[in-house]
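Written below as structure tokens is the structure these notes are about.
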Amino acid sequence: MRELTFKGYLLSQLKDLSKLDSTSLYAFSRLSESNLRLQNTLCLYLQLYTEADLKEKILRKFEYLQEPCDTLSGLSNQNLETFLLSDDLSEYKTVYDNFVYMRDRKHKEDSIKALMHTKIVERQSQKGITNYRVYKTLNLNPGNINAYLKYCDTSKVSLDTVRNVLAFVNAY
């Protein structure tokens with residue numbers, strides 16, 4: 001699976017916040033006058049990923065974007081984290097923090113699933129529960145559950161499935 005980039009995250013947020021199935025910066029700019037979250041996300045995108053001449057055209061046409069975009073002057077991909085530490089840029093830092101959370105979510109979930117695997121296998125051996133009993137009772141895919149229970153392959157199961165398995169072996 002591809003790793004989430006900040007540019008991709010900003011584009012997906014622009015689409016979600018505008019409720020448009022488009023990547024038109026003009027459409028986003030038009031809607032951002034009454035939507036502050038959309039405006040913050042758009043300003044980050046304009047500053048980091050838009051060519052200077054297109055950015056200038058948009059800022060001339062939508063004057064209300066000029067001031068928020070000016071607060072981001074000097075921002076680049078190289079100084080992103082340090083630049084956003086300023087107290088007056090907290091709304092932009094929130095956008096970046098949400099990106100970091102989304103980017104790292106799978107790794108964190110895999111770590112949680114690995115920790116839960118240890119508990120599940122321990123309880124299985126204590127209570128004599130077979131893998132067959134687990135996937136038959138919970139109506140789960142045998143191949144995926146066996147890969148997880150035998151080899152701790154966290155890519156084969158969701159966090160919800162692992163929670164269900166742990167609850168089952170605890171209650172058995």
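Please treat every number below as a calculation from the coordinates, not as lab data. Note that this is a predicted model, so its numbers are computed, not measured. Don't worry about glycine lacking a Cβ; one is built from the backbone with ideal geometry, like all the others, and counts go over all protein chains shown.
Judged by the gyration tensor of its Cα atoms, with axes a ≥ b ≥ c, segment 6-83 is oblate; a/c meets the 1.5 cut and b/c is at least as large as a/b. Only Lys, Arg, Asp and Glu carry charge here, each on its Cβ (+1 for the first two, -1 for the last two); on that basis the chain has a dipole of about 1280 debye about its Cα centre. Pairs from the table (K19/K106; K57/K93; K19/K156; K106/K127) lying more than 28 angstrom apart at Cα are K19/K156; K106/K127. For the chain, the longest principal axis of the alpha carbon atoms and the long axis of helix 36-49 meet at an angle near 80°. Coupling constants for segment 63-79 follow from the phi torsions by the Karplus curve (6.51 cos²θ - 1.76 cosθ + 1.60, θ = phi - 60°), and in residue order they are 4, 5, 8, 4, 5, x, 6, 5, 5, 9, 4, x, 6, 9, 5, 6, 10 Hz; glycine and proline get x. Here the sum of -39500 (n - 2.57) over DSSP H runs of 4 or more residues, divided by the residues of the chain, equals -22000 deg cm²/dmol at 222 nm, to the nearest 500. Scanning the chain for GluC sites (Glu not before Pro) in DSSP loops with at most 14 neighbouring Cβ atoms within 10 Å leaves 52-172 as the longest stretch between them. Of the trypsin sites (Lys or Arg not before Pro) in segment 1-46, which ones lie in a loop per DSSP and count no more than 16 other C-beta atoms within 10 Å? Here the sparse-neighbourhood loop sites are R2, K19. Between the residues Y172, Y96, G8, the greatest Cα displacement towards the positive end of the dipole of the chain, with unit charges on the Cβ of Lys, Arg, Asp and Glu, is found for Y172. With θ taken as phi - 60° and the Karplus curve 6.51 cos²θ - 1.76 cosθ + 1.60 applied, the whole-hertz 3J(HN,Hα) list for segment 161-169 is 4, 4, 4, 5, 5, 4, 4, 5, 5 Hz, x standing for glycine and proline. Across segment 111-128, rounded Karplus estimates of 3J(HN,Hα) from the backbone phi angles (6.51 cos²θ - 1.76 cosθ + 1.60, θ = phi - 60°) give 5, 5, 5, 5, 5, 5, 4, 4, 5, 4, 5, 4, 5, 4, 5, 5, 9, x Hz, Gly and Pro being marked x.
Helix 142-151 versus the longest principal axis of the chain: what is the Cα-based angle in degrees, 0 to 90, to the nearest 10? The answer is roughly 90 degrees. In degrees, nearest 10, range 0 to 90: what is the angle between the Cα axis of helix 6-18 and the longest Cα principal axis of the chain? Result, in degrees: 80.
Of the chymotrypsin sites (Phe, Trp or Tyr not before Pro) found in segment 32-101, not one falls in a DSSP loop while having at most 14 other beta-carbon atoms within 10 Å.
Ordered by the number of other Cβ atoms lying within 10 Å of each residue's own Cβ, fewest first, L138, L72 fall into the sequence L138, L72.
Counting Lys +1, Arg +1, Asp -1, Glu -1, what net charge surrounds K113 among other residues with beta carbon under 13 Å of its beta carbon? Taking every other residue near K113 into account, the sum is +2.
Using every pair of separate Cα atoms, the Kirkwood estimate puts the hydrodynamic radius of the chain at 19.2 angstrom.
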